[in-house]
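The values are calculated or read from the model by the stated rules, or taken from the named source; none is laboratory data. Everything numeric here is computed off the predicted structure, so don't read it as measured data. A quick note on method: Cβ atoms are made from the backbone with ideal geometry, for glycine too, and the neighbour counts reach across all protein chains shown.
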Amino acid sequence: LVFVLCLIYPGCFRDGEMHDFGVYWYTKDCLRCYCTREVVSCCNITLTPVGYDQEKCESVFDVESCSYQVRGKINPLQRCEVESWVI
């Protein structure tokens, strides 16, 4: 049945959209996806800050850029130093 579906559909269907085989795309929730005849695989592309002063600073997620900014809790214009980032 899976083989038959691959012949009917020229790609993968995810989140209400058809994507061609062999093509990467990005989702609204910051995943990078790839479509093959066998599977759709998606990975998180967001780097999460770690190793910063959590008492003085906060991390704020920007949906438009799929990234975090680390800023001062009292003064949001102040940038905070981040020692490392993880996926």
The number of residues in region 14-53 that are outside any strand (DSSP E or B), touching a strand residue (DSSP E or B) at 6+ places or on another chain (Cβ under 8 Å) and closer than 22 Å to Asn75 by Cβ is 2
Count of residues meeting criterion [of a type in the set (Phe, Trp, Tyr) and exposed (fewer than 12 other Cβ atoms within 10 Å of the Cβ)] in region 69-85: 0
Residue match in region 54-63 (condition: more than 21 Å from Gly16 (Cβ to Cβ), of a type in the set (S, T, N, Q), outside any strand (DSSP E or B) and modelled with pLDDT under 95): no
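Here's a check for you: in region 1-30, which residue that is aromatic (Phe, Trp, Tyr) and out of contact with any His (no Cβ under 6 Å at 6 or more places or on another chain) is modelled with the lowest pLDDT?
Among residues in region 1-30 that are aromatic (Phe, Trp, Tyr) and out of contact with any His (no Cβ under 6 Å at 6 or more places or on another chain), the one modelled with the lowest pLDDT is Phe3.
The rows are residues; the columns are (1) within 19 Å of Glu83 (Cβ to Cβ); (2) among the acidic types (Asp, Glu).
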position: Pro10; (1), (2): no, no
position: Gly22; (1), (2): no, no
position: Leu31; (1), (2): no, no
position: Val40; (1), (2): no, no
position: Pro49; (1), (2): yes, no
position: Tyr52; (1), (2): yes, no
position: Glu55; (1), (2): yes, yes
How many residues of region 14-51 are in contact with a Pro (Cβ under 9 Å, 6 or more places away or on another chain) and surrounded by 13 or more Cβ atoms within 10 Å (Cβ to Cβ)? The answer is 1
Need pairs with beta-carbon distance below 6 Å; first residue within 25 Å of Phe61 (Cα to Cα) and within region 13-31, second among the hydrophobic types (A, V, I, L, M, F, W, C); sequence gap 6+ or separate chains. Arg14/Val40; Trp25/Cys33; Cys30/Ile45; Cys30/Cys66; Leu31/Cys42
